[in-house]
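Worksheet: one structure, shown below.
The values are calculated or read from the model by the stated rules, or taken from the named source; none is laboratory data. On a predicted model such as this, the values are computed, not experimentally measured, just so you know. Neighbour counts run over all protein chains shown; Cβ positions are idealised from the backbone, glycine included. The area values use the complete protein model at the heavy-atom level, side chains included, leaving out ligands, DNA and RNA. Shrake-Rupley method; radii C 1.70, N 1.55, O 1.52, S 1.80 Å.
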2 protein chains.
Amino acid sequence: MEIRPVPLIAIVGADFVLTDEESRRKYGTDALKRGHQADVVVLPADTAQVAAVARWCDETRTPLVPRGGGTGYTGGSVPVRGGVVMSLERLNRILEIDEANLIAIVQPNVITGVLQDAVEAVGLFYPPDPASLRQSVVGGNVAECAGGPRAFKYGVTKQYVLGLEAVLPTGEIIRTGGKVVKNVVGYDLTHLLVGSEGTLAIITEVTLRLIPKPPVQATLRATFPTVTHAVDAVIRLLRARVIPATVELIDGECLESVARYLNVRSLAPPGTAALVLVEVDGLSEQVGAEADRVAEACRAAGATELLRARDEAERQELWRVRRELSLSLKTIAPLKFNHDVVVPKARVPQLFALIDDLRRRFQLRIPSFGHAGDGNIHVNIMVDPADAAEVQRAHDAERVLFEGVTALEGAISGEHGIGFAKAAYLGLNLSPDAIALMKRIKASFDPHGILNPGKMFPDEVTFPES
Amino acid sequence: MEIRPVPLIAIVGADFVLTDEESRRKYGTDALKRGHQADVVVLPADTAQVAAVARWCDETRTPLVPRGGGTGYTGGSVPVRGGVVMSLERLNRILEIDEANLIAIVQPNVITGVLQDAVEAVGLFYPPDPASLRQSVVGGNVAECAGGPRAFKYGVTKQYVLGLEAVLPTGEIIRTGGKVVKNVVGYDLTHLLVGSEGTLAIITEVTLRLIPKPPVQATLRATFPTVTHAVDAVIRLLRARVIPATVELIDGECLESVARYLNVRSLAPPGTAALVLVEVDGLSEQVGAEADRVAEACRAAGATELLRARDEAERQELWRVRRELSLSLKTIAPLKFNHDVVVPKARVPQLFALIDDLRRRFQLRIPSFGHAGDGNIHVNIMVDPADAAEVQRAHDAERVLFEGVTALEGAISGEHGIGFAKAAYLGLNLSPDAIALMKRIKASFDPHGILNPGKMFPDEVTFPES
């Protein structure tokens, strides 16, 4: 598609319309690493410019793809049909931190970790903690409904979004929700937009709920001979009336990878199939009592080893295995198909049994870890992109994984969304009637289908070349 | 409208189609007490019957109004245009309580309090606690997004709905969400349906998230010379990193009413403008520490008296003033315009200043109380329906209240919804573009406008006679 940038220059200024080859490529890819070139990249300065660009795209039927940090795993910000990529990078300010009302108002491209640091400096807390939090931005987190380890106790991004300013594909600026936690005036557009993957509207301002920062944490590490033992520990600690902030489970294949990468054999005792990191937080009296109960639950479930951090240095050391995981996986193979499936938490053992089947049946390395409390497991199918047969086996395994997760009454995505990477599988989780309804909703926002086209719905997806 | 009930009898059976005058009136009213007769009442037995009735109504363009417990305060289940009222009272079973996965699956007409008892019997907890919980039902709570005192710590109904089965007005049966807490597959239809007031779909099954039941509570009562002092206490305790389960604030006019009704003068020390009930919950170690901090915050904020329940009997005694409140208000005047406005929590003092203005300006009694942590205050404008001038002054005061709340960046409803009672005020909180978008969404669910017509949107409302 050739786009004459003159009208866009009139809106945002010549310095903020990029048409060079490098920019068009750079802004056309994300963490999925299967990009497509934008025809033109625009960098609006404010909501009015966002609206004017949207209106122009709608009038000229030009695809328009909003973009935040570009860290998504499903191609959500990839312009699969070309057109205009709108990077919101200039809308990157924290507008307000209202301590008395426990509210932050931010522009969409504030980096999530930067916001967290700012609110923690005044004793407040914004819990959602996607692994990408030092690169990803609040607007993108909202568009994808990002999760993270702390979701077990604190919920995902959705639970913290009180209100939005958003631009419709036809250029209208709307405000949804507001500064109050309870609000039942009209339909809940706010939470319809959260997780809508940039297909319904362009988010230009986010009002977030904050909570008081828990002053103390305690961290425990337990190792188990099987995943079933580890999940039993989780169920026991819930029965003991404890909701930890995080319950991270790391499987044996991951542990081997980290041990090899760090050249440290002490990470897990021999025979460890599952390592669990549990963190509890709150007032110090509470944290001590909860940590005791966690230890008791792990022992009762048959933990082979149990460690409890005595200070911050030990806490960081326990977390080290988790932090080094992503880098260590790169030593297995250059590419990972990073799936974020989710099953009811008591069925995590069945999910791991399925992963074992996939390893054998498709001859693949599939180190897996995740948020055991939520049943949300990252299943990393490692492939060498130069090995076409292996890539094919990985895609075959992916389908069997998604079918198996569906059979366990789970969902094919708990954190990353659909984008174009998983669109072909949407029908596993949703009926034709539900998909048809979603398309009618999409049309009620975007009558000409210009906003982030070719995403989410299987029959509209064309897979871009890398 | 005359409806020949034969096709409905063919679907649900003659015993479950009611056309007698008494039933048509009874099923045509709710707690708002401004009803309208149904033309016919149907009581389907299952989802298939719900779908068949919806299809018939859609084909014949007959208004269809779903009904749960009939306890709403905004006329949500009133058939303002006549037609079919569909009571879901036969869909009243708890289908499953899954302890390992912390999930309950229920039919829509399970009474909320019955569900709570059932899950608490196995150590679990369903926190949402609307005042109507012994009469209202889960489906209605979902349709209205019911709140309650515990919303401050635990959130409202929305935060507990994982999935729904629902029937579209055109008869399709859809499933949204599911059994997992994290789910980002497609648009979030689940949370679009929560709070949609029965205008988008008929809810036939609800999958709810449960949490472990906090084993211990502590309850404190503090009295303050002004509302500003009381709100200062709330802000101080948040700074002390405590999130109480509930922070109920009761104003001086309410206290007088209860004191008169019970003939007990000890309820509040002289000069009390605001009484605050704070409850913290969790493990016993935590509860003790948190209660200490609550007491400290109240003292620092200038509490005139501070009580802390030493046992369950004392706890019940502290709550007594709150429990007797509704009945005592009936001694002021037979009718209350029960508004559930919400403002950012630090602006609750301004809201009470506004209420004082209304009292003076319109010569009305307006006892007010509510959920101070959320800024969600029940403003009860008491009227004698036989006094037409007073009723008019109450309506005038209502408009000034809603305009004032909007100016404080609040919302006209935090719990009760819009229905037809507040539809005229929708435009105070939502722009014309946002309302137009909501109408397009409504049409994407309900192309012929048969489901619960005449609600929410101002230009579609006709006010029924009582």
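Values as computed for the structure displayed
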| quantity | calculated |
| --- | --- |
| Residue ID - nearest to the chain's Cα centre (by Cα), chosen from residues in segment B:406-446 that are under 19 Å from B:G72 (Cβ atoms) and among the aliphatic types (A, V, I, L, M) | B:I418 |
| Unmet requirement for A:A346, which otherwise passes all of (1) within 14 Å of chain B (Cβ to nearest Cβ); (2) open to solvent by less than 10 Å² (accessible area, probe 1.4 Å) | (2) |
| Residue list for segment A:257-269, filter: free of Cβ contacts under 8 Å to residues at least 40 places away in the same chain and open to solvent by 50 Å² or more (accessible area, probe 1.4 Å) | A:N263, A:R265, A:S266 |
| Matching residues, segment A:1-38, being in contact (Cβ under 8 Å) with a residue 40 or more places away in the chain and of a type in the set (A, V, I, L, M) | A:M1, A:I3, A:L8, A:I11, A:V12, A:A31, A:L32, A:A38 |
| Which numbered condition A:T331 misses (of (1) part of a strand (DSSP E or B); (2) open to solvent by 20 Å² or more (accessible area, probe 1.4 Å); (3) β-branched (V, I, T)) | (1) |
| Residues of segment A:66-107 that turn out to be under 18 Å from A:F420 (Cβ atoms) and touching a Phe, Trp or Tyr at 6+ places or on another chain (Cβ under 9 Å), as a count | 11 |
| Residue check for B:G177: of a type in the set (G, A, S), out of contact with any strand residue (DSSP E or B) (no Cβ under 7 Å at 6 or more places or on another chain) and within 11 Å of chain A (Cβ to nearest Cβ) | no |
| Leading residue by the ranking (farthest from the other protein chains (Cβ to nearest Cβ)) among those in segment B:75-111 that are within 24 Å of A:V185 (Cβ to Cβ) and out of contact with any Asp or Glu (no Cβ under 8 Å at 6 or more places or on another chain) | B:R81 |
| Hey, A:E305 among the acidic types (D, E) and within 28 Å of the chain's Cα centre (by Cα) or not | no |
| Residue list for segment B:63-91, filter: among the hydroxyl-bearing types (S, T, Y) and open to solvent by 10 Å² or more (accessible area, probe 1.4 Å) | B:T71, B:Y73, B:S77 |
| Filter result for B:G186 (free of Cβ contacts under 8 Å to residues at least 24 places away in the same chain and either in contact with a helix residue (DSSP H, G or I) (Cβ under 8 Å, 6 or more places away or on another chain) or at positive phi (or both)) | yes |
| Residues of segment B:417-428 classified as open to solvent by less than 40 Å² (accessible area, probe 1.4 Å) and without any contact (Cβ under 8 Å) to a residue 40 or more places away in the chain, total | 3 |
| Which listed residue, of A:V206, A:V258, A:V227, is away from chain B (no Cβ under 14 Å) and closer than 30 Å to A:F445 by Cβ | A:V206 |
| Of all residues making up segment A:282-319, the number that are more than 22 Å from A:P127 (Cα to Cα), open to solvent by 60 Å² or more (accessible area, probe 1.4 Å) and within 14 Å of chain B (Cβ to nearest Cβ) | 3 |
| All positions within segment B:305-356 that are over 16 Å from B:N380 (Cβ atoms), out of contact with any strand residue (DSSP E or B) (no Cβ under 6 Å at 6 or more places or on another chain) and among the acidic types (D, E) | B:D311, B:E312, B:E314, B:E317 |
| Those residues of segment A:379-394 which are open to solvent by less than 70 Å² (accessible area, probe 1.4 Å) and over 21 Å from the mean Cα position of the chain (by Cα), in sequence order | A:V383, A:D384, A:D387, A:A389, A:E390, A:V391, A:A394 |
| Residue within segment B:399-416 that is out of contact with any Cys (no Cβ under 8 Å at 6 or more places or on another chain), buried (at least 22 other Cβ atoms within 10 Å of the Cβ) and over 12 Å from B:V342 (Cα atoms) present | no |
| Any chance A:A51 is touching a Gly at 6+ places or on another chain (Cβ under 8 Å) and either of a type outside the set (S, T, Y) or open to solvent by less than 10 Å² (accessible area, probe 1.4 Å) (or both) | yes |
